[in-house]
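Asker: Please see the structure below; I have some questions.
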Amino acid sequence: MRILIKWCGLPWCMFAGSWLFEGLNVVKYVRDATPVAPPEPIVELSNVNGDVLRQLLSRLRQLISLASAVAWAKRVGLRVFIYGSAVPDPVSDFIRASLAGGADGILVDDFISINSDLIDVVHVNQRVGDDSVNYVIVSPDRPYQQSVRAYGVIVKDGVIDRDWLLRVRDRFRIIYGSREFLVMLDNSLFRREVIEELQDVVDGVVITEVPSLVSLDFDNYGAINVFRCINCYIDFETEGEMRKCPRCSNRLRPIIRRWDKFTVIEPKVLRLKAVDEIRYMRLGTPKVINY
Ligand SMILES: [Zn+2]
């Protein structure tokens, strides 16, 4: 049977969670930090039982949603942090998903502590001088709480409106001397239109909830191989193997296929792969051609 991406709230999803396939009978799979467009498959398994499948689908949905949200915001040029309280258990799974999206770090405060040597853990309100901190979280209705200098201001409960944001950004620059301006986004705000609206106004976003951007499906078919030409921006579906693009002769990138053996990408390498993949992805969905 195969699991596929049925729907994605973005033009493409960033795959994460291949480590969950460990110990299962994996026939084909997509490697982590690979963009996949619906309705492309992400894994083909044989002999998987119902309970395992149900848990797998529910976990994958969350991991792919988080990785995709991060990747999309990175694609439009924003810095991306995940708020510590948004990271469900098991924390290490969601850190890996964040890395697979190319996240810049996890943001923690005095109440939430996350320790990880895989991703930057940034402590809000950390003193960097006598009267200055790194990042400060500010509610627009109570902006004068602290009289400190801050490298960056993170707006909580902001209004997603260009003029409003520009005004607030300039005001905070004067109050805090801040160089960076970020906004917090919960699940209801994490939409493609919002991110595109924000891209020239803010320096980055802080994701405060794992968004639900993805739905998955499964059926009894085998997964077809997919190879991508990043030059033509085409995903070729084929029963066999393809190495070169039939249109431009560019080397194709395998998306899903039967690999020599099942290997999971090291977390330390994930972010590098994500950043590389995101650079080649365009704002639309790759064209899919059956070859
Ligand atoms: Zn090509």
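The values are calculated or read from the model by the stated rules, or taken from the named source; none is laboratory data. Since we're looking at a predicted model, the values are computed, not measured. Note that each Cβ is placed from the backbone with ideal geometry, even for glycine, and that neighbours are counted across all protein chains shown. Just the protein is used for accessible areas: all its heavy atoms, side chains included, with ligands, DNA and RNA removed. Shrake-Rupley method; radii C 1.70, N 1.55, O 1.52, S 1.80 Å.
Asker: Does any residue of the stretch 252-267 turn out to be within 13 Å of the ligand (Cβ to nearest atom) and in a strand (DSSP E or B)?
Answerer: Yes, some residue in the stretch 252-267 is within 13 Å of the ligand (Cβ to nearest atom) and in a strand (DSSP E or B).
Asker: Continuing with the same structure: How about the stretch 268-291: which of its residues are aliphatic (A, V, I, L, M), free of Cβ contacts under 8 Å to residues at least 60 places away in the same chain and in a helix (DSSP H, G or I)?
Answerer: Going through the stretch 268-291, the residues aliphatic (A, V, I, L, M) turn out to be 269-270, 272, 274-275, 278, 281, 283, 288-289.
Subsequent filtering for residues that are free of Cβ contacts under 8 Å to residues at least 60 places away in the same chain retains 269, 272, 289.
Val269, Leu272 - these are the residues of the stretch 268-291 that are aliphatic (A, V, I, L, M), free of Cβ contacts under 8 Å to residues at least 60 places away in the same chain and in a helix (DSSP H, G or I).
Asker: Looking at Glu197, Glu277, can you tell me which residue is modelled with pLDDT of 95 or more and away from the ligand (no atom under 16 Å from the Cβ)?
Answerer: Exactly one residue qualifies, and that residue is Glu277.
Asker: Quick check on my filter: what residues within the stretch 227-250 are open to solvent by less than 40 Å² (accessible area, probe 1.4 Å) and either at pLDDT below 95 or over 18 Å from Ala37 (Cβ atoms) (or both)?
Answerer: Scanning the stretch 227-250 gives a single hit, Gly240.
Asker: Of the residues Val194, Val210, which single one is in a loop (DSSP other than H, G, I, E, B) and under 22 Å from Phe94 (Cβ atoms)?
Answerer: Val210
Asker: Okay, moving on. Looking at the stretch 224-249, which of the residues that are closer than 24 Å to Ile278 by Cβ and of a type in the set (A, V, I, L, M) is farthest from the ligand (Cβ to nearest atom)?
Answerer: By that ranking, first place goes to Val226.
Asker: Related question: Would you kindly identify the strands (runs of 3 or more DSSP E) lying entirely within the stretch 118-189 that contain at least 3 residues that are open to solvent by less than 20 Å² (accessible area, probe 1.4 Å) and aliphatic (A, V, I, L, M)? Quick ask: steps written out before the conclusion?
Answerer: Numbers: elements: 121-123, 127-129, 132-138, 149-155, 180-185.
Because the criterion is at least 3 residues that are open to solvent by less than 20 Å² (accessible area, probe 1.4 Å) and aliphatic (A, V, I, L, M), the strands (runs of 3 or more DSSP E) in the stretch 118-189 that meet it are 132-138, 149-155, 180-185.
Asker: One residue is enough: does the stretch 200-213 have a residue meeting the conditions farther than 22 Å from Glu44 by Cα and within 16 Å of the ligand (Cβ to nearest atom)?
Answerer: no
Asker: Does the stretch 104-138 hold any residues that are touching an Asp or Glu at 6+ places or on another chain (Cβ under 9 Å) and of a type in the set (A, V, I, L, M), and which are they?
Answerer: Ile106, Ile119, Val122, Val124, Ile137
Asker: Follow-up. Got a sec? Which strands (runs of 3 or more DSSP E) wholly within the stretch 1-76 have at least 2 residues that are basic (Lys, Arg) and either open to solvent by 40 Å² or more (accessible area, probe 1.4 Å) or under 22 Å from Arg228 (Cα atoms) (or both)?
Answerer: Result: 2-8.
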